[in-house]
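Student: One structure is given below, represented as structure tokens, and several questions about it will come after.
The values are calculated or read from the model by the stated rules, or taken from the named source; none is laboratory data. Keep in mind that what you see is a predicted model, and the values were worked out from it rather than measured. Ideal geometry is used to build each Cβ from the backbone, glycine not excepted, and the neighbour counts take in all protein chains shown. Keep in mind that these areas ignore ligands, DNA and RNA; they rest on the heavy atoms of the full protein, side chains included. Shrake-Rupley method; radii C 1.70, N 1.55, O 1.52, S 1.80 Å.
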Amino acid sequence: WSSSFGLRKGYIRPGKPYPGTKPVNTPLKARQCGEVKPVQFKDRTKESPPSLPLAPGAAKNKESNLVGRSLLSFNISISYDKKNSHLSKTRSIIKTKPTNVKLFDAEASTMSALAGSGIEVMIAIPNDQLALMNDYDRAKKFVQRNVTRYNFNGGVDIKYVAVGNEPYLTTYNGSFSKTTFPALRNIQNALNEAGPDINDQMVEMVQFLAKNNAPFTVNIYPFLSLYGNDHFPVDFAFFDGAPQPVVDNGIQYTNVFDANYDTLVSALKAAGHGDMPIIVGEVGWPTDGDKNANINMAYRFYNGLLPRLTSNKGTPLRPGSIEVYLFGLIDEDAKSIAPGSFERHWGIFRYDGQPKFAMDISGRGQNALLVPAQNVRYLDKQWCEFNPDAKDLSKLGENINYACTFADCTPLGYGSSCNGLDANANASYAFNAYFQAQNQNEMACSFQGLARVTRNFTVRVDT
């Protein structure tokens, strides 16, 4: 018996990795600076944890499927502790293909390497952190940082959290005897709070929709599969053919849109409503705010999606037409970026109503620029730029932060269209974004003497 306490995280069951990772075939052209819910293939939420006996003194929460208990492992497992001076590469260790791994240190690079591997993982809380876990807020932060963040399709299959490591050894002289159980209780409660089982609620909702002859609406964003998992095969997010199809119960899938859609079809069938109408309430591709958000990839996505919808081919489990709403029409520079900087760049039109790229809404492949907005009134051709004569730069950072708090600076982020600006141009972009958002109010281009108004605005991009 292991004397660490294992908390079963039964509802974290990410899907299998998608095979066939391959770079995008479409060459990405240079873009003009500033132009601007993981779903599984199989419904595994109904899987029950194995019925193993609880050890004396172990806790079980009757309101959830999380169990705190001592562990007796029946599978071949590997424990991995990174406290050595010459570390092996985690990916090399994974090549041994264990079925289970126990980590004594849930270090980010190790967890990232395990993502999509299919290996069941136990993460451990060392004894020297037990006292910290007696604070519930700290326990919640631990779960958020080391468990919840990896709960996505293709993420890490975290099966247990081990609280303490042989904390009752006599050689410890009772050092952890008063902190182990409170830590166990707090971690268990934090796990319960982080991921309640919503299966019953979803079934009740489906029954209500069926009673009222209402459709089930789902948003499908293949972009988010790339955003949430660096190991997701890029080609599988598009419709022009993944090099290695994913086979699920004998059915081949060449794109994640079909796979996501059929996941819902299967779930509705399991709930007794396999014929319920489905509407795709949102689908689209952003053009800035992330390394995978750009005009070329958006063009590739729509150039595959629209003809596919026009063909009325449907999906393997639901042939026929699919009712779809594209998202979105125009960029939204004031939208919350809590989910990611890309949230402001979903539009097929820019902020000023000008089309971003050629497309054919009819899906017939006759791509052309959409009709732009007419009679758009623009502000004067003047900009706010960094003042190269400024002497005191000590407050430059806080002024840039202020500007970006009240204006859109998402193109400056990593992987975004303006990520390559030099230091001065970076400041100029932030100051000008605020200046334009304030309708070119002269007072909005001061920033404690760090900025000035100009009519000859140029930027330099580092290459």
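Student: Please find, within region 274-306, the residue that is surrounded by the fewest Cβ atoms within 10 Å (Cβ to Cβ) out of those that are over 21 Å from the mean Cα position of the chain (by Cα) and part of a loop (DSSP other than H, G, I, E, B).
Tutor: For region 274-306, the residue satisfying everything is D275.
Student: Also, quick follow-up: Name the residue that is most open to solvent (accessible area, probe 1.4 Å), counting only residues in region 240-260 that are out of contact with any Asp or Glu (no Cβ under 9 Å at 6 or more places or on another chain) and under 16 Å from L306 (Cα atoms).
Tutor: Step by step, filter region 240-260, then rank; the result is D240.
Student: Additional query: Just give me the residues in region 104-147 being of a type in the set (D, E) and open to solvent by 60 Å² or more (accessible area, probe 1.4 Å), in sequence order.
Tutor: Scanning region 104-147 gives D105, E107, D128, D135, D137.
Student: Within region 148-167, which residues are open to solvent by less than 20 Å² (accessible area, probe 1.4 Å) and acidic (D, E)?
Tutor: Scanning region 148-167 gives a single hit, D157.
Student: Does D462 satisfy the condition of being closer than 28 Å to D230 by Cβ, in contact with an Asp or Glu (Cβ under 6 Å, 6 or more places away or on another chain) and modelled with pLDDT under 95?
Tutor: Here the answer is yes, as D462 does meet what is asked.
Student: Also, I was wondering about something else. Just checking, how many residues over region 366-385 are under 13 Å from Y299 (Cα atoms) and touching a Ser or Thr at 6+ places or on another chain (Cβ under 9 Å)?
Tutor: Within region 366-385, residues that are under 13 Å from Y299 (Cα atoms) and touching a Ser or Thr at 6+ places or on another chain (Cβ under 9 Å) number 0.
Student: Identify, by number, the condition in (1) at negative phi; (2) open to solvent by 50 Å² or more (accessible area, probe 1.4 Å) that N439 doesn't meet.
Tutor: (1)
Student: Right, something else. Would you pick out the residues in region 323-368 that are surrounded by 16 or more Cβ atoms within 10 Å (Cβ to Cβ), more than 16 Å from I295 (Cα to Cα) and small (G, A, S)?
Tutor: If the condition is that a residue be surrounded by 16 or more Cβ atoms within 10 Å (Cβ to Cβ), more than 16 Å from I295 (Cα to Cα) and small (G, A, S), then G340, G363 are the ones that fit.
Student: Take the conditions open to solvent by less than 30 Å² (accessible area, probe 1.4 Å), under 32 Å from the mean Cα position of the chain (by Cα) and modelled with pLDDT under 95 and apply them to G420. Does it pass?
Tutor: Working: open to solvent by less than 30 Å² (accessible area, probe 1.4 Å): yes; under 32 Å from the mean Cα position of the chain (by Cα): yes; modelled with pLDDT under 95: yes.
Against the criterion (open to solvent by less than 30 Å² (accessible area, probe 1.4 Å), under 32 Å from the mean Cα position of the chain (by Cα) and modelled with pLDDT under 95), G420 qualifies.
Student: Sticking with this one: Only residues in region 169-181 that are closer than 15 Å to D128 by Cβ count as the first member; pair them with residues that are β-branched (V, I, T), Cβ under 9 angstrom, at least 6 apart or cross-chain, and list the lot.
Tutor: Listed by first residue and then by second, the contacts come to T180/V163.
Student: Among the residues of region 318-330, is any among the acidic types (D, E) and under 23 Å from the mean Cα position of the chain (by Cα)?
Tutor: There is no residue in region 318-330 that is among the acidic types (D, E) and under 23 Å from the mean Cα position of the chain (by Cα).
Student: Within region 369-383, work out how many residues are open to solvent by less than 60 Å² (accessible area, probe 1.4 Å), over 27 Å from P307 (Cα atoms) and at pLDDT below 95.
Tutor: Of the residues in that region, 1 qualify.
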